[in-house]
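Okay, so here's the structure we're looking at.
The values are calculated or read from the model by the stated rules, or taken from the named source; none is laboratory data. All of these numbers come straight from a predicted model, not from anything done at the bench. Positions of Cβ are generated from backbone atoms using ideal geometry, with glycine treated the same way; all protein chains shown enter the neighbour counts. To get the accessible areas, we keep the full protein, side chains included, count just its heavy atoms, and leave off ligands, DNA and RNA. Shrake-Rupley method; radii C 1.70, N 1.55, O 1.52, S 1.80 Å.
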Amino acid sequence: MLRRISELEAALSRGFLRCRPEKWFPGLSTQWMPVAHAFGCEIAVTDIKPVLAEPPSSDAAFVGVVSGEEMTLVLDADSSSAMLGEALPGTDGFAASVAQEYLMRRLFYSLVTSWTGPEISSVSFRGRLASQPVRTAGSVKVTCSLNTSQVVIWFGLGERMLATLDGLWRRQVQSTARAGAGSSQIRLEVAQLGVPPQMLSDYLKPGTVIDLEVRASDMLTVRAGGKAWMPGRMVNVNGKLGCEIVPGAVAAPSVAEGTTRLSIELGNLPVEGSQIAEFGQVGAVIVTGTPIGQEVVLSINQEPVGRARLCVYEGRFAIEVIP
């Protein structure tokens, strides 16, 4: 069973979900050094993760407005207690509520002043979230260590904020990659065979069954420009075949000299040269127009020469050539 991924997750997998938000807030930590010193705390960020989940429901939820769009700053119950316990031990009730709001207000405005992205037209801090929920399109989950305690802060983002981070990261990835001209083909390869030229017609004859001699799994070789490029894993994107780029070395076995390389492919996707770097990120999802099924394409030199049905035989992939 292939892992299911939503179309939205696939669309954001090369931008927002891969981005490093801290890149656009370079002076944030400096602004918190005096606060940490005043409270006698050691503060360190241990993890920053963009996610599509909404912030958890919490009494420690606050709202700010950036360029007319609301965002939330949320602490779960454990993090709320840990923050007050480390920064203001012994404080409770109304005093604790005021202190917590001060810290979150300061965090909000320090984010705004350290932001180096597109210009912000207006900002305001509305305070603690009332009963009316704020609609968020995604979140940035920040995990910090506060002395010996762990504090998790969720930043709930609206659609425009999320789209801004998505676009910024894509442009940054493209700008730091080698310039690519024209378009290319990304191909999802299950296996390859070295076929003697005189036997090609036999291999491509309908009804022929061929043991591919590779273990049946959801792993693929992603090829770009005719070369093995990245390892990938098959995923289901709303019924369409997709491939998630995974870490590790790409398998690029050669075929025997004097044979023709026959590629068994599940799908392909034309991309612009400037987008190749986006798809090369671990976690990026390539979505083809191919419905999930058993049919594969047989190709030679990136040209289709036949079709086949993908099967499993004794734990290995095999194909049956079809008309």
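Across the stretch 215-232, what is the total count of residues that are out of contact with any Leu (no Cβ under 7 Å at 6 or more places or on another chain) and either open to solvent by 50 Å² or more (accessible area, probe 1.4 Å) or assigned to a loop (DSSP other than H, G, I, E, B) (or both)? Quick ask: steps written out before the conclusion?
Of all residues in the stretch 215-232, those out of contact with any Leu (no Cβ under 7 Å at 6 or more places or on another chain) come to 215-217, 219, 221, 223-231.
The next check asks that each one be either open to solvent by 50 Å² or more (accessible area, probe 1.4 Å) or assigned to a loop (DSSP other than H, G, I, E, B) (or both); those that pass are 215-217, 219, 225-227, 229.
Selection size over the stretch 215-232: 8.
How about the stretch 250-267: which of its residues are within 27 Å of the chain's Cα centre (by Cα) and surrounded by fewer than 20 Cβ atoms within 10 Å (Cβ to Cβ)?
Within the stretch 250-267, V250, A251, A252 qualify.
What is the number of the single condition among (1) among the polar types (S, T, N, Q); (2) touching a strand residue (DSSP E or B) at 6+ places or on another chain (Cβ under 8 Å); (3) crowded, with 17+ Cβ neighbours inside 10 Å that S110 does not meet?
Result: S110 passes all but (2).
Here's a check for you: in the stretch 265-285, which residue that is in a strand (DSSP E or B) and either modelled with pLDDT of 95 or more or in contact with a Pro (Cβ under 9 Å, 6 or more places away or on another chain) (or both) is farthest from G225 (Cα to Cα)? I'd like the intermediate steps shown before the answer.
So the first thing to find is which residues in the stretch 265-285 are in a strand (DSSP E or B), and the list is 265-272, 285.
Narrowing the set further to residues that are either modelled with pLDDT of 95 or more or in contact with a Pro (Cβ under 9 Å, 6 or more places away or on another chain) (or both) leaves 265, 285.
On the way: E265: 14, V285: 18 Å.
It comes out as V285.
Which of the residues belonging to the stretch 30-51 are in a loop (DSSP other than H, G, I, E, B) and either open to solvent by 50 Å² or more (accessible area, probe 1.4 Å) or free of Cβ contacts under 8 Å to residues at least 40 places away in the same chain (or both)?
Of everything in the stretch 30-51, those that are in a loop (DSSP other than H, G, I, E, B) and either open to solvent by 50 Å² or more (accessible area, probe 1.4 Å) or free of Cβ contacts under 8 Å to residues at least 40 places away in the same chain (or both) turn out to be G40, E42.
Say we look at the stretch 57-95 and pick out the residues that are in contact with a Gly (Cβ under 9 Å, 6 or more places away or on another chain) and within 12 Å of I153 (Cα to Cα); which of these is surrounded by the most Cβ atoms within 10 Å (Cβ to Cβ)?
V74
Answer with yes or no whether P291 is under 30 Å from R170 (Cα atoms) and either open to solvent by 20 Å² or more (accessible area, probe 1.4 Å) or acidic (D, E) (or both).
yes
Results for (1) touching a helix residue (DSSP H, G or I) at 6+ places or on another chain (Cβ under 6 Å); (2) open to solvent by less than 50 Å² (accessible area, probe 1.4 Å); (3) at pLDDT 90 or above; (4) among the charged types (D, E, K, R), shown as yes or no for each residue.
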| site | (1), (2), (3), (4) |
| --- | --- |
| N147 | yes, no, no, no |
| V152 | yes, yes, yes, no |
| F155 | no, yes, yes, no |
| L162 | yes, yes, yes, no |
| L188 | no, yes, yes, no |
| G194 | no, yes, yes, no |
| P197 | no, no, yes, no |
| P206 | no, no, yes, no |
| V209 | no, no, yes, no |
